[in-house]
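Step one of this worksheet: look at the structure below.
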Amino acid sequence: MKEKHFYILILLFTAQSIFAQVTFKAAVSKTHLGLNERLRIEFSINKQGADDFTPPNFSNFKTLAGPSQSSSFSSINGKTSYKLTYIYIIQPTAKGTFTIPSASITYDGQTIKTNTVRIVVTSAIDIPEDPDDPRYLASQNIHLVAEVSNTNPYVGESISVVYKLYVNISKVNVQNYREVASPAYSGFWNQAIDVKKWIAKNGSYGGKPHRYVIIKKSVLIPHKAGKLVIDPLEMEITAGVPIGRRDFFGNMLMNDVSFTATTGKKIIQVKALPLQGKPFNFTGAVGDYDFTVSTTKKQLKANESAQVKVEIAGAGNLKLVKLPKIETPNGLEVYEPEHKENIKTTLKGLKGRVYDQYAIVPQFRGKFKIPSVVFSYFNPKDEKYHTVSTEPIILNALSGKIPIAEDGTEVNKKTVVGTESDIRYIQTKTNFKSTESEADFYGSNLYYLLLILPLFSIPLGIFIGKKKKQRNSDIIGNKRRKANRLARKYLSQAKKQLGKKEAFYIALEKALHNYLKAKLHIETSDISKERIANILQNKKVDSQTIEEFKTVLENCDFARYAPSTEVMMKQEYEKSKEVIAKIDKQL
């Protein structure tokens, strides 16, 4: 009998120990779901005092809400129970079979982990057509739309895409929204138009009145022909759907539901530009343009520059247009053009003007002709190519050096011809003096001093010869001194112009070009800074020195049109002298 009671006590103690065990587990609302569905996952522990909860890594899922906490406590017939739950709402981002790892929590100094959960994600599923389903009601009365201005444009022709959200406010209302997938514009140049504020307007969708807001706007320019796809915009929307009952105060009760709205893909069939009538100088300009070439002045004084502007104005693919270059005759020094844009982006495309502005300085006096410039573009309105030719520009340099002919004579040089009316002065008297009273140089103190002076010059010559030998053996020093002399030679004109901003920077840039012209035997005014950099690189000039030289050239371009002080000019002068010395030493 005693033995029986003993076993009963053991069983009761074991049962109590089992009930006292800590459990921490994970549970999900479903294990199979579509790509556009949500999943509720709960992590629950049955003991108080647990802390340091660490959620799992929800890879392949995005967290829509959480963590939220709920706790419950009950006591029935002396038996108590407790439950603490951490809740997340997540949505898959890809199809496949995924395992959600364990969450962990600390209890009584020990780390406890939950079970893992296996989830199968399939393709997006359609919401069942159930009029009593709030998600179905929301999906039928909230629509995300992408409106494309032209689905069959030419290559280079601007189109616009406007994204709108339509809501039937008599059926549902939007509580919250967020963008979960942005559209991609593969094959297009694109620029967004800023939408500063969402303004609700009246409209219709499917023949029914709706309110709508414009979410975003973009301008697209296709740069290749064929079938192009605009990927969809997707938004996560939380909507309030009436449930048919009212509260104590008569307000309609709402059921909040969430779903993903999408614009769907948009197909754009892009037409290639026609080959018939295509000009040889066409570079891809598409739109409706005006083309001009103008100059600030046509008569110049010595060391004066003129600004020649090559400008395109109108509507089209302005940011992608390549401006034609001007050609100049010998005797005109042309600098790298300054490129400027004044473009406004609208739903009809890009509007405004772009231009290159050249600084031109004549090297000799005389007249110089800048030939006409030709520009071609395609107008999608009349589907034709157009070619515009400008009038030549004649520049008259009133002063400066006289040009030298091939035989070495000056052009337009005239021989001075004497006439009988010239006055010639004839000397009729002299002022000779007698030297009889002067002391004889032979035997004088100066005579003996000059006689022994060469003896003293011998050791001095030996000393100077040794110093010269040492100096000649210093190869690096000689190169540095030679480079500095060369730099001072080419920069002497710029130094004279210190304090005169425009004249200084023109002279400085001209000195840099003349230096390269002398060293590399090239016309540097006809090539770009990148081409100069390539030539220097082929001459084994190190990259740092090349970058310094390019920086000096760019500073000359910029500083002519920006505020500058004499201190800044001196700094640019010293920097230029240093970079010329470096290049010459390496060449």
Just the residues that are of a type in the set (Ser, Thr, Tyr) and either within 28 Å of the chain's Cα centre (by Cα) or assigned to a loop (DSSP other than H, G, I, E, B) (or both), please, taken from region 293-309.
296, 305
Which ones in region 240-287 are at pLDDT 90 or above, assigned to a strand (DSSP E or B), surrounded by fewer than 16 Cβ atoms within 10 Å (Cβ to Cβ) and not β-branched (Val, Ile, Thr)?
269, 271
Filtered residues of region 319-366 (kept if aromatic (Phe, Trp, Tyr) and in contact with a Gly (Cβ under 8 Å, 6 or more places away or on another chain)):
364
Surrounded by fewer than 16 Cβ atoms within 10 Å (Cβ to Cβ) and either modelled with pLDDT of 90 or more or in a loop (DSSP other than H, G, I, E, B) (or both): does that describe residue 396?
no
For the list (1) in contact with a Leu (Cβ under 9 Å, 6 or more places away or on another chain); (2) modelled with pLDDT of 80 or more; (3) closer than 27 Å to residue 296 by Cβ, I need the number of the one condition that residue 385 fails.
(3)
If I filter region 162-177 for residues that are under 28 Å from the mean Cα position of the chain (by Cα) and either in a strand (DSSP E or B) or closer than 28 Å to residue 93 by Cα (or both), do I get at least one hit?
yes
Picking from 323, 347, 318, the residue that is among the hydrophobic types (A, V, I, L, M, F, W, C), within 24 Å of the chain's Cα centre (by Cα) and over 19 Å from residue 190 (Cα atoms) would be 323
Selection status of residue 59, within 22 Å of residue 95 (Cα to Cα) and among the small types (Gly, Ala, Ser):
yes
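Yes/no matrix, rows are residues, columns are (1) at pLDDT below 75; (2) in a helix (DSSP H, G or I); (3) under 15 Å from residue 552 (Cβ atoms):
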{"residue": "468", "(1), (2), (3)": "no, yes, no"}
{"residue": "477", "(1), (2), (3)": "yes, yes, no"}
{"residue": "481", "(1), (2), (3)": "yes, yes, no"}
{"residue": "490", "(1), (2), (3)": "yes, yes, yes"}
{"residue": "498", "(1), (2), (3)": "yes, no, no"}
{"residue": "504", "(1), (2), (3)": "no, yes, yes"}
Please go through (1) surrounded by 15 or more Cβ atoms within 10 Å (Cβ to Cβ); (2) over 30 Å from residue 236 (Cβ atoms) for residue 109 and return the number of the only condition it doesn't satisfy.
(1)
Do the conditions hold for residue 316, that is, is it touching a residue at least 40 places away in the same chain (Cβ under 8 Å) and in contact with an Asp or Glu (Cβ under 7 Å, 6 or more places away or on another chain)?
yes
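Here's the yes/no breakdown for (1) in a strand (DSSP E or B); (2) touching an Asp or Glu at 6+ places or on another chain (Cβ under 6 Å); (3) under 14 Å from residue 305 (Cβ atoms); (4) in contact (Cβ under 8 Å) with a residue 60 or more places away in the chain:
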site	(1), (2), (3), (4)
323	no, yes, no, no
327	no, no, no, no
330	no, no, no, no
339	yes, yes, no, no
344	yes, no, no, no
350	yes, no, no, yes
356	yes, no, no, no
359	yes, no, yes, yes
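The values are calculated or read from the model by the stated rules, or taken from the named source; none is laboratory data. Quantities reported herein were computed from a predicted structural model and do not represent experimental measurements. No Cβ is skipped: glycine too gets one built from the backbone with ideal geometry, and neighbour counts run over all protein chains shown.
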